[in-house]
Structures are given as structure tokens and as C-alpha cells.
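Here the structure is laid out as C-alpha cells; the discussion comes afterwards.
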Amino acid sequence: MNHIELFAGCGGLSLGLEKSGFELTLANELSPMAAETFAYNFLSEDLARLAVECKSQTKALWLSSQYKNTDLAHRLRENPYHFPIMEGETDMPANPEELQGKLVVGSIVQLNNFFEDRVAHQIALRDGFGHGGIDLVSGGPPCQSFSMAGLRERDSEKNVLPWEFAKFVKMANPKFAVLENVTGILRPFTKNGVSYHAWFEVAKAFAEIGYVPLCLHINARLSGVPQNRPRFVMINIRLDVYRNIEYSLNESELSLFKSGFDFLRKLERDASSIELGDLSYFDVKRPSHLSLFEDSFLKYLVNGSEVTVKEALDDLRFHGEAQKSVFVNKLNSMFGCESKYGQVYNHERRKNGELVQRRFRLYQVLQKCERNVIHDVFAILKCKECSLSDESWEVLSRYEYMVEGQTYRKFKLNEKNNFIKFLQEHPTKKRTQKALDAFAPAPSTLSIPDDVCHYDDNELRTLTVREMARIQSFPDNFIFRSKATTGGQMRKFEVPQYTQVGNAVPPILGFALGKSIIDLLNRL
């Protein structure tokens, strides 16, 4: 089984697919920083070392750059948006077979243009570079514009990327194409009073090139990822492949595919007649839909045990000792992790000052409280109120807090007025920051490390890259490269380690998706 990975990022989806039985044929990633991590873990090419030695790379190929391939130090920090067309230096080979097993660094738009202009390369791509075709093209296009946490811009340039994905699929002609995205893609954009459903338009794009779309609203938590991470997944199956396996589909599987198949047929007859109600998506939160998952090739997406934050992170605490949990041992064993001499990579603690630690301790307390107490506290933190109900104070008075001048020590505040004064000394406009709940899956991981703090009373800090990676289900031998964080204007194009982790498809989810596709491929 072979696959091509678009929008590869640091490689979360590729890692899961590899473990499920797929072999990487070609990968593409825009960010040089994320590409550095991908090349290190999948291609055994250390781009940072080659940069120091002023040597050129052979497995990571730049579509275009203003720097020569012997100047990797600058290539790895280059703004990829500055070279959207074939200008400057390029590593792309004249012999298309030399692309097999490589990582192409550059935009998907640029990659599509490259193949469109070269017939021999298109033929080689369609043939899987000598393997008789491509089984799967997969990827997660950047999703900031679809995300409910983002700006929700209908006309954002990033919103064209799912269509570029479909454009590549048309050239590669794989048996399956899997697109992963945030659930915000399911919510309509509204502009000038008109609703626009991105997921529906993307499904239409795949149907127009002869693929039966199956649209799913899933949650990585159900496949065994220690994180509440709802996602949108579209599994597209080429029509002739669907026809060849249709005989093997059970009643649940036929129900799953019926909407997409009818949608494709209606589009073939009269594309102008297509309406939103012509295509359904299946939501794992609905019991009737969940039963379809459980009784079909999608069962791998819902057969995991729920994993708590404590199970994922407890052995990584800097205070005290804890054994690796069953989950961690299973995770590392699953991906063949052999940590050398017990070393833990990407586990450098970030420095948090006393003021930040005092606030983190407050968040740890609030994590244990009911909504009404949290609401009362944040009303004061946001300077909207200067009083606290007796009911809330009765709960909050049970806990210890860090106070100014008493570095790294915790005390009880015995009077309500003292507590109100304490809150007024820590004003914030944020409501997104919170402490992790040790006994539940983590909230959906974002790419900004300051959004959550540790659950342990003695760990008043944000998470390390390794801890974030555990929450995303990366094994401990997966090493993240480039710098850990960035800021300011650099955020617009740099993809440091925390962002690489936050943007990734959890490898365990990738594994479940891979097993689902292989289940169908084995029926051919």
C-alpha cells in the first residue's frame, strides 16, 4: 500500500499511516521548519547538520528558493510565501522517477503547477513512480480560516487549499483521497446575507472528478488519543474502486456510502441542480451514526479506550516520580520507540515568572470548581465586578494560593476581601487559559503553549513540547526540530515546534484512518 502526503507538516498523519501499513511515495510541505522535522524522522536527513556543514540535501527538495541548496541555513528560515512561483533556485529533478520517496518543500499551488507543465512527471505520478498507481493521497490543508478560533474569512487565500488538494488528486488519480480538517469547516460562512458551506463545496469538487465522498464528524478521543479533538474527515473513493468493492459492503457500509454515491450520480446528470441537502455527513456524536461506525470499516475510529491527561503525562513531571503508564508504554511500543539511555527529547521547561505562576495556581483551583464560581472569579479578573458571592467564596476558601512576595509557596487566604484584592492584582482579558484536568482527556491542543498549564500543584508552568506531543499521541522517539517558539510578525510564516505539534494529525488517529482505508483496499 502506498500513499502521498500533502500538507505533511511534521508528519503526524504520515506516522500513523506508516504504522497501519502504508509506504510513503511522496510528501509535500510548505514550511521549511516543519519540513526539517519531517525529513529528520521519516527520511533520516538532518537538515540542520547539513546546514552547519554547508552541504546540500538530497531527500528534501525545494520547489524554489532564493538560496542555493548548499545554503540550507537560510533556506530553513526562509519565508515560503515570498516564492509562490518557480523562480530562483530549484531542486526538482528532470527525471520524474527521482521524486519517489522525497519530500518536496513548497506550496501545493506551486507543486500543482509543476506537474501540470510536465507531461512525463504527470504520467510518473499517476503510475506511482513505477508501482502501478497510487493507493492513497492524504493530508490536512491549513485550517485557520475554517476554525471557530480563527477569523472565519470566507475569501481567505488559505481557503483555496482544499481545492488545490482536489486538483492534485485529479492528476494523481489515487484509489482513495482522505482530507482532514477542523470541525469549523462544517459551520457556514455568511457574507452579504448568503450562507456558504465549505465542506459541501469541497465534497462537490471531489465528486466532480469522479470520487464518492464520505463526510465524517469524528473525535480523536474515541480512537485512543488523550485529547478531546473533534475533526472533520472526508474519505473519497474513486468511483470504479467503489464499484469493485460494493459487493463486499455490509448494510451499515452501504448506508454510509449511499448519500455520497447518489450525490455523485446527481451531479453527473445535472450539476446545477445540486443542493446542500443532497449530501449528508455522519456525526459520531449521534447514537444512530455511531452504530454505523462500530459496524463498518470505520470501527478503528471508535474502538479506543479513553485516556486521561494523567495517564499521558505523569511520568514527565519535574517534581516527584511516576512510572510510565500503560498508555505510554503501549504508545511507544506501537511506534517502535526505543529511547536511548532513557533520554527524553523536546522536554525543556519554559521559564514562567512568579506573576504567571500565581495566575496558573489560580487556574488550577478554578479547574476544580463549578461554572458559576469560575464566572464570578473571571468577572473580577476582567475588572467587571469588585465583589464575590458568599457561595463562591465558601468553595474558593478551601484552597491554597501563591501570593506576592512569597515566592513558590502557597497559602490560604482567610478573608474574602483579601481574596478579592488578590484577584484584582491579577487582571486578565483572557478566558482561554486554563489548567488541565488530570482525570480527563486534554482539551483540543492549540499551537500556542500558553493556553494551558499543568495540573500538578507543584508544576506551575506551561507544558513542554514533549508533553504536548504526548497529548497528540506522538511516541517519545519522534524528535521535533527547529526552534521551540516564535512571536510577533514571524508567526505569519514560521512554524516552530509547538506549532508543529498543535497543527499535526494525532498519529493514533492517523493509524485508525489508515486501518480503515486498508480494510477497503483489501477487498479489491
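The values are calculated or read from the model by the stated rules, or taken from the named source; none is laboratory data. Values in this document were obtained by computation on a predicted structure and should not be read as measured data. Cβ sites come from the backbone with ideal geometry, for glycine too, and all protein chains shown count toward neighbours.
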Qualifying residue in segment 179-200 (condition: modelled with pLDDT of 95 or more and either farther than 18 Å from Leu292 by Cα or charged (D, E, K, R) (or both)): yes
Residue list for segment 260-292, filter: in a helix (DSSP H, G or I), touching a residue at least 40 places away in the same chain (Cβ under 8 Å) and under 22 Å from Leu520 (Cα atoms): Gly260, Phe261, Phe263, Leu264, Leu292
Single residue of segment 437-455 satisfying the filter (modelled with pLDDT of 95 or more and surrounded by fewer than 20 Cβ atoms within 10 Å (Cβ to Cβ)) that is farthest from Gly488 (Cα to Cα): Phe439
Helices (runs of 4 or more DSSP H) enclosed by segment 1-87 - at least 3 residues per element that are in contact (Cβ under 8 Å) with a residue 12 or more places away in the chain, within 16 Å of Gly101 (Cα to Cα) and β-branched (Val, Ile, Thr): none
Filter pass, Arg481 being part of a loop (DSSP other than H, G, I, E, B), within 23 Å of Val501 (Cα to Cα) and within 32 Å of the chain's Cα centre (by Cα): yes
Selection from segment 294-329 of residues that are among the small types (Gly, Ala, Ser), surrounded by 15 or more Cβ atoms within 10 Å (Cβ to Cβ), in contact (Cβ under 8 Å) with a residue 24 or more places away in the chain and more than 16 Å from Ile218 (Cβ to Cβ): Ala312
Selection from segment 353-403 of residues that are among the acidic types (Asp, Glu) and out of contact with any Leu (no Cβ under 7 Å at 6 or more places or on another chain): Glu354, Glu370, Glu385, Asp390, Glu391, Glu394, Glu400
Pairs, first over 17 Å from Tyr81 (Cα atoms) in segment 99-121, second acidic (Asp, Glu), C-beta under 8 Å, six or more apart: Leu103/Glu29
Leu72 vs. criteria in contact with a helix residue (DSSP H, G or I) (Cβ under 6 Å, 6 or more places away or on another chain) and surrounded by 18 or more Cβ atoms within 10 Å (Cβ to Cβ): yes
Breaking point among (1) hydroxyl-bearing (Ser, Thr, Tyr); (2) in contact with a helix residue (DSSP H, G or I) (Cβ under 8 Å, 6 or more places away or on another chain); (3) at pLDDT 95 or above, for Thr308: (2)
Criterion: more than 24 Å from the chain's Cα centre (by Cα) and within 15 Å of Ser473 (Cα to Cα) - qualifying residue of Lys330, Lys310, Lys351, Lys324: Lys324
Among the candidates Val356, Val373, Val403, residue that is over 23 Å from Asp314 (Cα atoms), in contact with a strand residue (DSSP E or B) (Cβ under 9 Å, 6 or more places away or on another chain) and not aromatic (Phe, Trp, Tyr): Val403
Count - residues of segment 331-355 that are part of a helix (DSSP H, G or I) and crowded, with 16+ Cβ neighbours inside 10 Å: 3
Selected residue [crowded, with 19+ Cβ neighbours inside 10 Å, modelled with pLDDT of 90 or more and on the phi > 0 side of the Ramachandran plot] from Ser392, Ser473: Ser473
Options Gly336, Gly320; residue that is under 20 Å from Asp437 (Cα atoms) and among the small types (Gly, Ala, Ser): Gly320
Residue match in segment 433-444 (condition: farther than 30 Å from Val182 by Cβ, among the hydroxyl-bearing types (Ser, Thr, Tyr) and out of contact with any Phe, Trp or Tyr (no Cβ under 6 Å at 6 or more places or on another chain)): no
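Yes/no per residue for (1) out of contact with any Ser or Thr (no Cβ under 9 Å at 6 or more places or on another chain); (2) at pLDDT 95 or above:
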position: Gln57; (1), (2): yes, no
position: Ala60; (1), (2): yes, yes
position: Thr70; (1), (2): no, no
position: His82; (1), (2): yes, no
position: Gly88; (1), (2): no, no
position: Gly101; (1), (2): no, yes
position: Val119; (1), (2): yes, yes
Filtered residues of segment 246-258 (kept if surrounded by fewer than 19 Cβ atoms within 10 Å (Cβ to Cβ) and of a type outside the set (D, E, K, R)): Tyr247, Ser248, Leu249, Asn250, Ser252, Leu254, Ser255
Index of the failed condition, Ser291 passing every other in (1) out of contact with any Phe, Trp or Tyr (no Cβ under 8 Å at 6 or more places or on another chain); (2) at pLDDT 95 or above; (3) farther than 26 Å from Tyr211 by Cβ: (3)
Pairs where the first residue, in segment 419-444, is closer than 16 Å to Cys369 by Cα and the second is small (Gly, Ala, Ser) and not in a loop (DSSP other than H, G, I, E, B), C-beta under 7 Å, 6+ apart: Leu436/Ala442
Residue identified as loosely packed, with under 13 Cβ neighbours inside 10 Å, within 20 Å of Arg461 (Cβ to Cβ) and not aromatic (Phe, Trp, Tyr) among Lys410, Lys430, Lys434, Lys384: Lys430
